[in-house]
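K.L.:
Dropping the structure in here first, questions after.
The values are calculated or read from the model by the stated rules, or taken from the named source; none is laboratory data. Just so it is clear, the model here is predicted, and its values are computed rather than measured. For neighbour counting, all protein chains shown are included, and Cβ atoms are generated from backbone atoms with ideal geometry for every residue, glycine included. Remember, those area values only see protein heavy atoms, side chains included, never the ligands or the DNA or RNA. Shrake-Rupley method; radii C 1.70, N 1.55, O 1.52, S 1.80 Å.
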Amino acid sequence: MGRPDWHEYFMTIAGVVARRSTCVRRQVGAIIVKERRILCTGYNGAPTGLPHCIDVGCLREKLHVPSGERHELCRGLHAEQNAIIQAALHGISIRGGTFYITHQPCALCAKMICNAEVKEVFFQGDYPDRLALNIFAEAGVRLVCLGPPERGGEGKIAPEDKDHRTPVPE
């Protein structure tokens, strides 16, 4: 086991952050990095002070809502949203930063990431949201799929996504 490269290092930390998630459906972690320094972290779960989904249940789960649909029914915040909020609460500029996220962002998070002027997003795992891919492409945000952690595939891109994702240079 050798020394991890920067992408592996930050993605591993995002995976540890995801373990704090209180979502019953998907555990997501996110970190924002600038100049190889971690600025803030976020994971998905209920807003501060509210009961956690693992304690009160999930309405989307009860209604059998597919992943990527009907976000308005979810009481939780996404990991990306929480990371951006944490930066704002503590007065940390994330402009020009890089996100490392355990899953592909949704369209809502993509819009927030673009408005925060984050320039790169590295992620693992997929999320069924083509609109998010289009938003990143239009905004010129570099979106890099490092592949699903359980299957490897670092830097590989599904053929249908070649126009929207850039592989990590070797």
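K.L.:
Starting from the range 35-62, take each residue that is farther than 13 Å from R25 by Cα and of a type in the set (D, E, K, R) and list its partners that are at pLDDT 90 or above and open to solvent by 50 Å² or more (accessible area, probe 1.4 Å), counting only C-beta distances under 7 angstrom and pairs at least six apart or across chains.
P.N.:
Pairs that qualify, where the first residue is farther than 13 Å from R25 by Cα and of a type in the set (D, E, K, R) and the partner is at pLDDT 90 or above and open to solvent by 50 Å² or more (accessible area, probe 1.4 Å), are R36/W6.
K.L.:
Suppose the filter is assigned to a loop (DSSP other than H, G, I, E, B) and open to solvent by less than 60 Å² (accessible area, probe 1.4 Å); does P148 pass it? If you could, list the steps in order and put the result at the bottom.
P.N.:
Numbers: assigned to a loop (DSSP other than H, G, I, E, B): yes; open to solvent by less than 60 Å² (accessible area, probe 1.4 Å): yes.
Considered against the rule, which asks whether it is assigned to a loop (DSSP other than H, G, I, E, B) and open to solvent by less than 60 Å² (accessible area, probe 1.4 Å), P148 comes out as yes.
K.L.:
Name the residues in the range 133-142 that are open to solvent by less than 10 Å² (accessible area, probe 1.4 Å) and modelled with pLDDT of 95 or more, would you?
P.N.:
Within the range 133-142, F136 is the sole residue that qualifies.
K.L.:
I'm told R75 meets every condition in (1) among the charged types (D, E, K, R); (2) within 18 Å of the chain's Cα centre (by Cα); (3) at pLDDT 95 or above except one. Can you identify the failing condition by its number?
P.N.:
It is condition (3) that R75 fails.
K.L.:
Starting from the range 2-17, keep only residues that are closer than 13 Å to H103 by Cα, then list their pairs with residues that are surrounded by fewer than 13 Cβ atoms within 10 Å (Cβ to Cβ) whose Cβ atoms are within a distance under 8 Å, requiring at least 6 positions of separation or different chains.
P.N.:
Correct list of pairs: T12/P4.
K.L.:
Kindly provide the set of residues from the range 6-26 that are assigned to a loop (DSSP other than H, G, I, E, B) and either modelled with pLDDT under 95 or open to solvent by less than 20 Å² (accessible area, probe 1.4 Å) (or both), ordered by number. Break it down into steps so the answer makes sense when it comes.
P.N.:
Within the range 6-26, the subset assigned to a loop (DSSP other than H, G, I, E, B) is 19-26.
Passing the criteria: S21, T22, C23, V24, R25, R26.
K.L.:
R75 fails exactly one of the following numbered conditions: (1) farther than 22 Å from L133 by Cα; (2) touching a Gly at 6+ places or on another chain (Cβ under 8 Å); (3) crowded, with 17+ Cβ neighbours inside 10 Å. What is the number of that condition?
P.N.:
(2)
K.L.:
Please enumerate the residues belonging to the range 62-72 that are out of contact with any Cys (no Cβ under 9 Å at 6 or more places or on another chain), of a type outside the set (D, E) and in a helix (DSSP H, G or I).
P.N.:
K62
K.L.:
Then there's this: Checking the structure you have, find out if any residue of the range 113-131 is open to solvent by 70 Å² or more (accessible area, probe 1.4 Å), at pLDDT below 95 and closer than 20 Å to Y43 by Cα.
P.N.:
yes
K.L.:
Further, regarding this structure: Just the residues that are within 24 Å of R60 (Cα to Cα) and either open to solvent by 10 Å² or more (accessible area, probe 1.4 Å) or assigned to a loop (DSSP other than H, G, I, E, B) (or both), please, taken from the range 86-106.
P.N.:
Within the range 86-106, T102, H103, Q104, P105, C106 meet the criteria.
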